[in-house]
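Visitor: Would you mind keeping the following structure in view while I ask a few things?
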Amino acid sequence: MFKYTIQNHCDCEGQLQNMKDKYFDNTRISEFRSCPRKFFFRHVKDWTGSGFSPPLAFGSAWHDAMDSVWTDLGGGSSQSDEDVVQNGYAAFVGGWVNNNGTHPDEMGQEEIRRLGARTPFVGMEMLYEYVLKRRKFLSEIELLSVEQSFAVPLDPNDPDLFYVGRFDKVFLYQGSIIIGEHKTTSLYKANGGFRATFLDQWSPNSQVDGYLHALHILYGEEAKQLWIDGALVHRKHHDEFIFIPVERQFAQLDAWLWETRNWISQIDGHWDASRDVGAKENLYMAAFPKNTSACQDFARNCSYIDLCKAWSNPLQRPTPQGFIEEAWSPFERLELDTIGLKK
């Protein structure tokens, strides 16, 4: 098992920007694994879609609501269910609006119809049911942290290389320290409940493995599990919630560690190849190859598919219409300076 703790943090100033800062989160690694060309567009060119994403907005808003509910109820509370729900809903609306969603007071019937289940109104109904279902459990835990950013070393031979992320919750329950991760899904099966595709996706799962690796380093032997706190988003069914406990053996975490270093090594190699002298003038980009098996996901096109169709070498291309330039910076998003790291 990979065992050591963070003691002296590195000063990474002067390193290359973007991925060369050596702070790797699950998003960067997973997108490279899915499609290196998609990684190039998002994390080298920094291009992302400029439109509103209902799944992203709803999921983010639900996380904000969970922060409120777990804080209110963790370890027990005298607050009424109504007060807890209203606090949670205020947090939900704040998260929804921050992700470019229309404030519920300003939403018309056509927009509500078009959004389907992913509306603040469905979110409120879900919160009432969630508080009813989870209140007793939340009274029995000790909530250790909410939205805890972390950075753990990946390689004893490279002290500047970190795996970073943010635990939704860390809590103590029946003598074990557990990560809680909130996930929403619209994958509803015809006879009720969650589809198997949602239930089965957490093992194997690189994010789960990486978070358990970090938990063991930061909390030691009392760190036991990660629980997926699943919430079904549906027009009519607002009371479908499930805890999915996940454990890993040390050998499995060591395998994740080797795989993660391997993926990062490949990213570094493609990054360097794309920076070679003359690379922009080549007829095609001999780096970050396309994975054409990943052009569709759940019957939806990748947001970059038209760029792959149009350009063999996108290195010299300006930001295309429909996209904005917005760097994905784990350091900034996770506020790693608050835990003692330097950019």
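The values are calculated or read from the model by the stated rules, or taken from the named source; none is laboratory data. Computed from a prediction, not measured in an experiment: that's the story for all the values here. For neighbour counting, all protein chains shown are included, and Cβ atoms are generated from backbone atoms with ideal geometry for every residue, glycine included. These area figures cover heavy atoms from the full protein model, side chains too; ligands, DNA and RNA do not enter into them. Shrake-Rupley method; radii C 1.70, N 1.55, O 1.52, S 1.80 Å.
Visitor: Scaled to the compact-protein estimate 2.2 N^0.38 Å, what is the alpha-carbon radius of gyration of region 7-147, rounded to two decimal places? Don't skip to the end; give the middle numbers.
Guide: Numbers: Rg = 19.4 Å, N = 141, 2.2 N^0.38 = 14.4 Å.
Computed over Cα atoms of region 7-147, the ratio equals 1.35.
Visitor: Something else now. Treating region 55-124 as a set of equal point scatterers at the Cα positions, no solvent, please give the Debye-formula log₁₀ I(q)/I(0) at q = 0.16, 0.22, 0.24, 0.25 Å⁻¹.
Guide: Taking Cα atoms of region 55-124 as identical point scatterers yields -0.53, -0.88, -0.99, -1.04.
Visitor: Near Lys169, which lysines are there with a Cα under 21 Å away, not counting those fewer than 8 places off in the same chain?
Guide: Qualifying lysines at Cα under 21 Å: Lys133, Lys136, Lys183, Lys224.
Visitor: For region 225-343, take N as its residue count and report Rg(C-alpha) divided by 2.2 N^0.38 Å. Working shown, then result.
Guide: Values: Rg = 20.3 Å, N = 119, 2.2 N^0.38 = 13.5 Å.
So region 225-343 has a normalised radius of gyration of 1.50.
Visitor: Let me ask another. Could you rank the peptides 102-114, 331-343 by their average count of other C-beta atoms within 10 Å per residue, with the highest value first? Kindly include the intermediate steps, with their values, before the conclusion.
Guide: On the way: 102-114: 11.2, 331-343: 14.6.
Ranking, from highest mean packing down: 331-343, 102-114.
Visitor: For region 96-155, with every protein chain kept in place, what is the accessible area per residue (1.4 Å probe, Å²)? Could the numbers behind the result be given before it?
Guide: Details: 3000 Å² over 60 residues.
Averaged over the residues of region 96-155, the accessible area is 50 Å².
Visitor: Go ahead and collect, in residue order, the members of region 75-116 whose backbone nitrogen is under 12 Å from a label point 7 Å along the Cα-Cβ direction of Phe137.
Guide: No residue qualifies, since no backbone N sits under 12 Å from the label point.
Visitor: Treating only the Cβ atoms of Lys and Arg (+1) and Asp and Glu (-1) as charged, compute the dipole magnitude of the chain about its Cα centre; round to the nearest 20 debye.
Guide: Working: 35 positive and 47 negative charges, 254 e Å.
It works out to roughly 1220 debye.
Visitor: Going by average Cβ neighbours within 10 Å, how do the peptides 24-31, 218-225 rank, with the highest at the top?
Guide: Working: 24-31: 19.1, 218-225: 14.8.
Packing order, densest peptide first, comes out as 24-31, 218-225.
Visitor: Highest mean first, how do 292-305, 192-205, 33-46 rank when packing is the count of other Cβ atoms within 10 Å averaged over residues? Each step should come with its number before you reach the end.
Guide: Details: 292-305: 12.7, 192-205: 14.9, 33-46: 20.8.
The peptides rank, most packed first, as 33-46, 192-205, 292-305.
Visitor: Quick one: Kirkwood hydrodynamic radius for region 117-166, alpha-carbon pairs, angstrom, one decimal?
Guide: Working: mean 1/r = 0.0684 Å⁻¹.
After inverting the pairwise mean of 1/r, the radius is 14.6 Å.
Visitor: Another one. How long are the semi-axes of the ellipsoid equivalent to region 138-240, from square roots of 5 times the Cα gyration tensor eigenvalues, in whole Å, largest first?
Guide: Details: eigenvalues 172, 60, 25 Å².
Semi-axes, largest first: 29, 17, 11 Å.
Visitor: I would also like to ask the following. Relative contact order for region 49-200: what percent, with Cα pairs under 8 Å and sequence separation of 6 or more?
Guide: On the way: 193 pairs, mean separation 32.8, N = 152.
That works out to 22 percent.
Visitor: Could I ask something else about it? Please compute the modelled spin-label separation between Ala196 and Asn301, points set 7 Å along Cα→Cβ, answer in nm with one decimal.
Guide: 3.2
Visitor: Still on this structure, please answer the following. Using unit Cβ charges (K, R positive; D, E negative) and no other charged atoms, how large, in debye to the nearest 20, is the dipole of region 231-343 about its Cα centre?
Guide: On the way: 13 positive and 16 negative charges, 64 e Å.
Dipole about the Cα centre, nearest 20: 300 debye.
Visitor: Moving to a separate point now. Compute the long axis of helix 54-73 from its Cα atoms, compare it with the longest principal axis of the Cα atoms of the chain, and write down the angle in degrees, 0 to 90, nearest 10.
Guide: Roughly 50 degrees, rounded to the nearest 10.
Visitor: Let me ask something else. Distance from the Cα centre of region 175-233 to that of region 20-66, in angstrom?
Guide: Computed from Cα coordinates, the inter-centre distance equals 19 Å.
Visitor: Here's another thing I want to ask about it. Using a cut-off of 15 Å between beta-carbons, work out the net charge of the residues near Leu232 (Lys and Arg +1, Asp and Glu -1, Leu232 not included). Walk me through the intermediate numbers first.
Guide: On the way: positive: Arg118, Lys133, Arg134, Lys183, Lys189, Arg195, Arg235, Lys236; negative: Glu125, Glu129, Asp229, Asp239, Glu240.
So the environment of Leu232 carries a net charge of +3.
Visitor: Which sequence of Tyr128, Tyr173, Tyr23, Tyr284 reflects their accessible areas, 1.4 Å probe, from the largest down? It would help to have the intermediate numbers written out before the result.
Guide: Values: Tyr128 70, Tyr173 40, Tyr23 0, Tyr284 145 Å².
Final ranking, largest accessible area leading: Tyr284, Tyr128, Tyr173, Tyr23.
Visitor: Related question: How long, wide and thick is region 89-198, going by the Cα atoms along their three principal axes, in whole angstroms, largest first?
Guide: Sorted from largest, the Cα extents of region 89-198 read 58, 34, 31 Å.
Visitor: Helix-only mean residue ellipticity at 222 nm, the chain, DSSP H runs n ≥ 4 weighted -39,500 (n - 2.57), per residue, nearest 500. What is it? Walk me through the numbers before you get to the answer.
Guide: On the way: 11 runs with 131 residues, N = 343.
Value at 222 nm, helices only, nearest 500: -12000 deg cm²/dmol.
Visitor: For Rg and Dmax of the Cα atoms in Å, the choices are [x] 21.3, 67; [y] 20.1, 61; [z] 30.4, 99; which was calculated from the structure?
Guide: [x]
Visitor: Measure nothing fancy, just the Cα-based angle from helix 250-274's long axis to the longest principal axis of the chain, in degrees from 0 to 90, nearest 10.
Guide: It is inclined by approximately 40 degrees.
Visitor: For the chain, what relative contact order do you get, as a whole percent, if you take Cα pairs closer than 8 Å and at least 6 residues apart? Each step should come with its number before you reach the end.
Guide: On the way: 503 pairs, mean separation 84.5, N = 343.
The normalised contact order for the chain reaches 25 percent.
Visitor: Can you give the FRET efficiency for Ala279 and Arg235, using 1/(1 + (r/R0)^6), R0 = 35 Å, r = Cβ-Cβ distance, to the nearest 0.05? Can you show the working numbers first?
Guide: Values: r = 50 Å, r/R0 = 1.42.
Efficiency, rounded to the nearest 0.05: 0.10.
Visitor: Quick one: among Leu127, Leu257, Leu115, which has the greatest mean-square fluctuation in a GNM of the chain with alpha-carbon springs under 10 angstrom?
Guide: Checking each option, the largest mean-square fluctuation is seen for Leu115.
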